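A.B. asks: The structure that follows is given in the form of structure tokens.
The values are calculated or read from the model by the stated rules, or taken from the named source; none is laboratory data. Keep in mind that what you see is a predicted model, and the values were worked out from it rather than measured. All Cβ positions, glycine included, derive from the backbone under ideal geometry; neighbour counts span all protein chains shown. When the accessible area is computed, the model is the full protein with side chains, heavy atoms only, and any ligands, DNA or RNA have been set aside. Shrake-Rupley method; radii C 1.70, N 1.55, O 1.52, S 1.80 Å.
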Amino acid sequence: MTNKIYYLASCDTCRKIIKSLPNPEKLEYHDIRQNPITASELEEMYSLSSSYEALFSKKAQLYKSMNLKNKSLTEEDYKKYILEHYTFLSRPVFIINNKIYIGNSQQNMLQVLKVLENV
């Protein structure tokens, strides 16, 4: 399996993270706006995370504008929304050495940087 980053090129946070990566050439870059994630790519992420909700961004503007926070969403709902619109994928998502790292929390990014130093 290829080491990948799923990101949004127009996202300042994603750009800042990418600039800080050690060994950036060791990753395959996947801009989710230019190249929407496929059902099989999402299934791969799910197989590593065991949760569509973990992959879902509750910070997305569409989440608020569609009033989704007041609905009881199921795993199938999270999957459907992620496939319908790229903004619902929590970003960035790294898949490195068959392990998934979701989002840009400081703890998550420290783990990613540490793993990438040794790739």
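A.B. asks: Give me the one-decimal nm value for the distance between modelled label points at N23 and L62, 7 Å along each residue's Cα-to-Cβ direction.
C.D. replies: A separation of 3.4 nm, rounded to one decimal place.
A.B. asks: Looking only at S65, S20, S90, which one moves most when the chain is put into a Gaussian network model with springs between Cα atoms under 10 Å?
C.D. replies: Per the Cα network of the chain with a 10 Å cutoff, S65 tops the list.
A.B. asks: Can I ask one more? Determine how large the accessible area of D12 is when every protein chain is in place; take a 1.4 Å probe and give Å² rounded to the nearest 10.
C.D. replies: In the full protein context, D12 sits at about 110 Å².
A.B. asks: Give the cross-link partners of K69 among the lysines, using a straight C-alpha distance below 26 Å as the criterion and excluding same-chain residues fewer than 8 apart.
C.D. replies: Cα-Cα hits under 26 Å: K58, K59, K79, K80.
A.B. asks: With a cut-off of at most 15 other beta carbons within 10 Å, and DSSP calling the residue loop, which trypsin sites (Lys or Arg not before Pro) in the range 47-101 qualify? Please list them.
C.D. replies: K58, K59, K71
A.B. asks: K4: which lysines have alpha carbons under 17 Å from its alpha carbon, excluding same-chain residues fewer than 8 sequence positions away?
C.D. replies: Those lysines meeting the cut-off are K16, K19, K26, K99, K114.
A.B. asks: Shifting gears a bit: In a shell of Cβ-Cβ distance under 15 Å around E117, excluding E117 itself, what net charge do Lys and Arg (+1) and Asp and Glu (-1) give?
C.D. replies: Around E117, the charge tally is +2.
A.B. asks: Calculate the FRET efficiency for H85 and T38 from the Cβ-Cβ distance with a Förster distance of 22 Å, rounded to the nearest 0.05.
C.D. replies: 0.95
A.B. asks: Sort 41-52, 103-114 by the packing proxy (mean of other Cβ within 10 Å over each peptide's residues), most packed first. Provide the component values of the computation, followed by the final result.
C.D. replies: Details: 41-52: 16.1, 103-114: 13.7.
Result, highest mean first: 41-52, 103-114.
A.B. asks: Right, something else. Quick check on the chain: of the DSSP beta bridges with both residues there, what percent are antiparallel, nearest 5%?
C.D. replies: So the antiparallel bridges amount to about 65 percent of the total.
A.B. asks: Accessible area per residue for the chain in Å², computed with a 1.4 Å probe and the full protein assembly in place, what is it?
C.D. replies: Result: 57 Å² of accessible area for each residue.
A.B. asks: Let me ask you something else. What net charge is computed for the residues neighbouring D12, neighbours being all others with C-beta under 12 Å from the C-beta of D12, Lys and Arg scored +1, Asp and Glu -1? Don't skip to the answer; put the middle values down first.
C.D. replies: Working: positive: R15, K16, K19, R91; negative: none.
Taking every Cβ under 12 Å from that of D12, the sum is +4.
A.B. asks: As I understand it, the value is the acute angle between the Cα axis of helix 106-117 and the longest principal axis of the Cα atoms of the chain; what does it come to in degrees, rounded to 10?
C.D. replies: The two axes meet at around 40 degrees.
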